[in-house]
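Asks: One structure, as structure tokens, below. Some questions next.
The values are calculated or read from the model by the stated rules, or taken from the named source; none is laboratory data. Everything quoted here is computed from the prediction, not taken from an experiment. Reconstructed Cβ throughout: ideal geometry from the backbone, glycine too, with neighbour counts over all protein chains shown.
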Amino acid sequence: MPQVLSYADAVRLLGGRDSRVVAAIEALTSGAMLGAAVPFPVVLGWFDAKSEFVRLGHQLVRGLSDRRSGLSRYGRTQRLEAAHAVIVVTAYFEALAEAELPIGFADLELTKQEQLALAGGADPTVALPQAIFSVGLLLPRPQYPRERVLETLRDYYAEISDGLARFVSGLAVWERLPQTDRDRFRRTLDALPPAAEARYDELFRQLGADFPEVAFWSSLREHSATRAELRGLGVALTGLGQVLDGISTGRVPDERRAALARAHEAALDRPIVEAGDVPPGLRVPALGEAYVTPLYRVANAGGRTSDEAFWSDVEVRDDLQEFLAGFLTSPRAVEAPLLVLGQPGSGKSVLTKVLAARLPAADFLPVRVALRDVPVTADLQDQIEYAIRAETGERLEWPALARSAGDALPVVMLDGFDELLQATGVSQSDYLSRVAAFQRREAEQGRPVVVIVTSRTSVADRARAPEGTVAVRLEPFDEPRIAIWVDVWNRANATHLAARGLAPLTLASVMPHRQLAGQPLLLLMLALYDADGNALRRLPLAADGGLGQDELYERLLHSFARREVTKHRPGLSERDTERAVEEELRRLSLVAFAMFNRNTQWVTEADLAADLAAVMAEPPPAATDLRAPLGRAEIVLGRFFFVHRARAVRDGTQLGTYEFLHATFGEFLVARMTFQALRDLAARDAAATLSFGAAPVDDDLLHALLSFSVLSVRTPIVAFLRGMLSGVDGAERAALGDLLVRLFRLVHQARATRRLSAYQPRVLPVPTRYAAYSANLLLLAVHAAGPLRASTLFDEDAVTGWKRQAMLWRAQLAWDEWQSLVELLTLERVWAGATRDIVLGLDDGTFETPPVDLYWTYEIPPGDPRRGGFTAAVSRDTEYLRRRTNFLCRTSDDAAIHNLEPLEAALPDASRTMVDAPDHALRSIAHALLEVWLLRARETTPEERDRVLRRFTDLVRRTPWDEYLDLVDESDA
């Protein structure tokens, strides 16, 4: 639980036990305010001496302003918290002093019984003193808007007034007062809360004028003269550094702290990516000039911080520097960690680097711990000491360093919590709790410390957030921030671009690719792509009938792969270069499949190496010296900065995982390799049909890749495939569709053979792999050939075959895979002459599920003489339906049976009897009856109501159960 500062604590902290101020207040309250007991005369004495209370409150706050120098960073924070507690109470007493009460408190005499009740706590009005002086929870928090703080304050002041009213009205003398005085007294008390709030606002602004950090606690935007420096588009947190420097009261750091500060400041001069990742001649801007302060959202951390729905209602803010200034100087910062969340490439790590460099060394002791580089099995203190040694070369123990900080407040930044999870696979559910326990221990030892933890958003819920944890989620760049970054890039590369006759990067060429441009590292990728002959601005846009998203990704990834090939393998012919580029992209595609088929957003080095060996038959790299050779994964991915490597150290061994900085890179590569494998298979199949004795279709690779996960579970994959297939001519699409239908039939008949058994991204039962592969074949076939009839897919009756296939998918696929199939595919029940059939297509967003056609269900084709006079009873009774539903344990079936049970129990024949209606539709009596009963539940016209009622009566008159007509009357219609 956070430490709550009481008014008594605040008075002690500001005045000191031996000061005349505290002595005067203790005399005023008979010592009750600073102790536990509350003698009965005290409550009345407080309110009679309200003017003295106001004077002493102002004296306490003035004393803090006069003694602002010589305080440590956290000592200053503590006293400001105390000053805030004082002005909260003082504001109410000021409003009370100015109010014209119709009666004086001195005139209210307590009976002996009332005095005894108050002294013993038997009367509930004894809680009034505690309500007045428990003010710690009213402290503003930088994550809350000021309006929320004022709303809480209004409730607090209203509670005091209500308590005072109850206290006074409970006295015996109250009954002797005239009614007019009672009414005036209550009206005056009702007016006190808004008056106290207004006075609090004035006092708070005065405090903020003397101590600027207080304004940042409460987002007091219009008050601070430095606000413009801290808002919006500041580069590299320069405004934050200036503001914190301006309020600094600490001393010059010693050599050990100065060494850490130098290490942090040096990071600002390094490029945002390694120079080896960019073409020769280009200059990657340094972190200190290229870091643009992002947008963000902030909320109290809970169990759903990885859920997009959790953040959807949280306001996007543009005052990150203000928030950080408020958080780092607030009392709650040392009680629980600050959790910084974001997507890969959103700038979490660089935020910690820039923050560490900007915090004034006189007031703060920043220690940045890259969790990927420290032993994961070590405790937090050992990890901090390990990071300090890596930064300075000195072996320093944390307690000694923290004690040497003197006036400075330690700020520990733990960067990469998600990397611990990914690289080790070990649960870290108590990690944040251990961080809070570390903070609690340090505070108890007189070494309070702020801790900031960064993590990818999607794994944030893997650790329980202790009470008081605040979560910040970094948001993608908006257009102004993209413009700032583009300007920085152009200034850094003006000479190089001019020498090569290239135009600067423009905002107009970047903004059509907003999905990439919103992430800083992917924006750099676009800039590097444009630096090759202004390639970005020469791209035709999809809106103009030009490139689709799949073509854009193809060009981007192809250009980066080609650059790496020419850099590492110079001298290749154009043909060999293209072949090498394709090999690079194929390896990257296997990385994407490694994640997709494991249903994760990352893959471990060991798993990836196994996949590469199974599919591409690549031997392990050989060592060329005494050092261990690079693994396959490192060779494949080490060259691409848009692939993030998460690292951790366990038992002296480097563990690693890989993920794409943007998930759509992986989704594009899955679609790309699927499309290429399918085209290659079609080419081989076409060649085989021209030879004597055609060989069976060899779909080994396609089956290996597509038998673990269903493509439709990732919407972008399907969109990419649709774009790729739309780029081939009609004849090839028809050939691809024919091939996929043949493959589906072979799989359905269990006649296919499999040889690529070494590829096992995860262990699945054979029926599950069959279900995934057949679903993917159908998805591809519908995309390639358009709408398909089920009769072309099955040798048996189309409807029977489809039902068996659909039930298998429902039983074997994960719920999200099954649901994605249902949402993407459309199904129309049609007739092929007198035979039922099914047409399968793709939902373009316009498909509406048709109502049930019971003629189709009961196999009564058009032209059948039974149409127009058919009456049938369902052979199965309710008990069978209940038993089947109970046996299957399916949620949707349970809900349907539950909803229909009352109707079936009361009118079993109505539920089981289907009657041919005059409008040539087959309906049950229960269906028609419910239509009548529910007319009142929606807006209908008189004509529609009459039509529904007549339909019901016509149906019933075709059956033996005329008594059903008594179930409705004119009022129902």
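Asks: All but one of (1) among the small types (G, A, S); (2) out of contact with any strand residue (DSSP E or B) (no Cβ under 6 Å at 6 or more places or on another chain); (3) within 30 Å of T715 (Cα to Cα) hold for G841; which doesn't?
Replies: (2)
Asks: Of everything in the range 255-279, what is in a loop (DSSP other than H, G, I, E, B) and surrounded by 14 or more Cβ atoms within 10 Å (Cβ to Cβ)? Give them in sequence order.
Replies: Once the filter is applied, which keeps residues that are in a loop (DSSP other than H, G, I, E, B) and surrounded by 14 or more Cβ atoms within 10 Å (Cβ to Cβ), the range 255-279 yields R270, I272, V273, V278.
Asks: Tally time: how many residues in the range 347-387 are within 30 Å of L516 (Cβ to Cβ) and part of a helix (DSSP H, G or I)?
Replies: So the count comes out to 14.
Asks: Residue pairs, Cβ under 8 Å, 6 or more apart or interchain, first in the range 605-626 and under 10 Å from L590 (Cβ atoms), second of a type in the set (D, E, K, R) and modelled with pLDDT of 55 or more. List them.
Replies: L612/R587; L612/E618; M616/R586; M616/R587
Asks: Additional query: Against the definition (modelled with pLDDT of 85 or more and under 43 Å from the mean Cα position of the chain (by Cα)), how does P194 come out, yes or no?
Replies: yes
Asks: Let me ask something additional. Just one of L780, L702, L756, L808 is modelled with pLDDT of 95 or more and not β-branched (V, I, T); which is it?
Replies: Answer to the selection: L780.
Quick grid of which residues meet (1) closer than 20 Å to L739 by Cα; (2) of a type in the set (S, T, N, Q); (3) surrounded by fewer than 15 Cβ atoms within 10 Å (Cβ to Cβ); (4) without any contact (Cβ under 8 Å) to a residue 40 or more places away in the chain:
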site	(1), (2), (3), (4)
R762	no, no, yes, no
A771	yes, no, no, no
L777	yes, no, no, no
L780	yes, no, no, no
A785	yes, no, no, no
V799	no, no, no, yes
L813	no, no, no, no
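Asks: Going by what's in this entry, would L524 be described as closer than 30 Å to A299 by Cβ and part of a helix (DSSP H, G or I)?
Replies: Yes, satisfied.
Asks: Any idea which residue in the range 159-181 is farthest from E147 (Cα to Cα), counting only those that are touching a Ser or Thr at 6+ places or on another chain (Cβ under 8 Å) and surrounded by fewer than 17 Cβ atoms within 10 Å (Cβ to Cβ)?
Replies: Looking at the filtered set, the residue picked out is A172.
Asks: A further question on this structure: Looking at F310, is it modelled with pLDDT under 90 and assigned to a helix (DSSP H, G or I)?
Replies: yes
Asks: Kindly provide the set of residues from the range 423-440 that are of a type in the set (G, A, S), at pLDDT 90 or above and either under 23 Å from the mean Cα position of the chain (by Cα) or crowded, with 18+ Cβ neighbours inside 10 Å (or both), ordered by number.
Replies: S433, A436, listed by residue number.
Asks: Let me ask another. Working only within the range 441-463, note down all residues that are surrounded by fewer than 16 Cβ atoms within 10 Å (Cβ to Cβ) and in contact (Cβ under 8 Å) with a residue 24 or more places away in the chain.
Replies: If the condition is that a residue be surrounded by fewer than 16 Cβ atoms within 10 Å (Cβ to Cβ) and in contact (Cβ under 8 Å) with a residue 24 or more places away in the chain, then A443, Q445 are the ones that fit.
Asks: Return the residues of the range 568-600 that are part of a helix (DSSP H, G or I) and either free of Cβ contacts under 8 Å to residues at least 60 places away in the same chain or farther than 23 Å from Y658 by Cβ (or both); say none if nothing qualifies.
Replies: Correct list: E574, R575, D576, T577, E578, R579, A580, V581, E582, E583, E584, R587.
Asks: From the set of residues in the range 449-506 that are in the same structural domain as V235 (by TED's automatic domain parsing), β-branched (V, I, T) and part of a loop (DSSP other than H, G, I, E, B), which is farthest from P337 (Cα to Cα)?
Replies: Result: V449.
Asks: Restricting the range 598-634 to residues that are at pLDDT below 80 and touching a Leu at 6+ places or on another chain (Cβ under 7 Å), which is nearest to R645 (Cα to Cα)?
Replies: Top of the filtered list is A633.
Asks: To continue, here is another question. So, of the residues in the range 815-838 that are of a type in the set (A, V, I, L, M, F, W, C) and farther than 18 Å from I717 by Cα, which turns out to be modelled with the lowest pLDDT?
Replies: Only one residue fits best here, namely W815.
Asks: If you don't mind, another one. Given the condition of a type in the set (A, V, I, L, M, F, W, C), at pLDDT below 90 and not assigned by TED's automatic domain parsing to the domain that holds R769, answer yes or no: does some residue in the range 855-865 qualify?
Replies: yes
Asks: Collect the residues in the range 130-159 that are at pLDDT 80 or above, part of a helix (DSSP H, G or I) and not aromatic (F, W, Y), keeping them in residue-number order.
Replies: R146, E147, R148, V149, L150, E151, T152, L153, R154, D155, A158, E159
Asks: Here's a follow-up. Against the condition hydroxyl-bearing (S, T, Y) and closer than 20 Å to H264 by Cα, how does S404 come out, does it pass?
Replies: Taking the combined requirement at face value, the residue satisfies it.
Asks: Still on this structure: Criterion first (modelled with pLDDT of 70 or more, in contact with a helix residue (DSSP H, G or I) (Cβ under 8 Å, 6 or more places away or on another chain) and surrounded by fewer than 18 Cβ atoms within 10 Å (Cβ to Cβ)) does R672 satisfy it?
Replies: no
Asks: A follow-up question, please. What's the total number of residues in the range 917-950 that are within 47 Å of the chain's Cα centre (by Cα) and part of a loop (DSSP other than H, G, I, E, B)?
Replies: So the answer is 5.
Asks: Scan the range 536-547 for residues that are buried (at least 16 other Cβ atoms within 10 Å of the Cβ) and at pLDDT 70 or above and jot them down.
Replies: Matches in the range 536-547: L536, L539.
Asks: For the range 354-390, which residues satisfy the criterion of being charged (D, E, K, R), buried (at least 23 other Cβ atoms within 10 Å of the Cβ) and either touching a strand residue (DSSP E or B) at 6+ places or on another chain (Cβ under 8 Å) or within 13 Å of L260 (Cβ to Cβ) (or both)?
Replies: Within the range 354-390, D363, R368 qualify.
Asks: So which residues in the range 403-422 are closer than 30 Å to A606 by Cα and either at pLDDT 85 or above or over 21 Å from the mean Cα position of the chain (by Cα) (or both)?
Replies: Hits for the range 403-422 are M413, L414, D415, G416, F417.
Asks: Can you tell me which residue within the range 716-734, out of those that are part of a helix (DSSP H, G or I) and of a type in the set (G, A, S), is farthest from A785 (Cα to Cα)?
Replies: So the residue we want is A719.
Asks: (1) without any contact (Cβ under 8 Å) to a residue 24 or more places away in the chain; (2) in contact with an Asp or Glu (Cβ under 7 Å, 6 or more places away or on another chain); (3) part of a loop (DSSP other than H, G, I, E, B): which one isn't true of A390, the others all being true?
Replies: Among (1) without any contact (Cβ under 8 Å) to a residue 24 or more places away in the chain; (2) in contact with an Asp or Glu (Cβ under 7 Å, 6 or more places away or on another chain); (3) part of a loop (DSSP other than H, G, I, E, B), A390 violates only (3).
Asks: For the range 648-669: of the residues being more than 30 Å from S726 (Cα to Cα) and surrounded by fewer than 18 Cβ atoms within 10 Å (Cβ to Cβ), which is modelled with the lowest pLDDT?
Replies: Ranking the qualifying residues of the range 648-669, first place goes to D651.
Asks: When you check W809 against the structure, is it surrounded by fewer than 17 Cβ atoms within 10 Å (Cβ to Cβ) and within 20 Å of T768 (Cβ to Cβ), yes or no?
Replies: So W809 fails the test.
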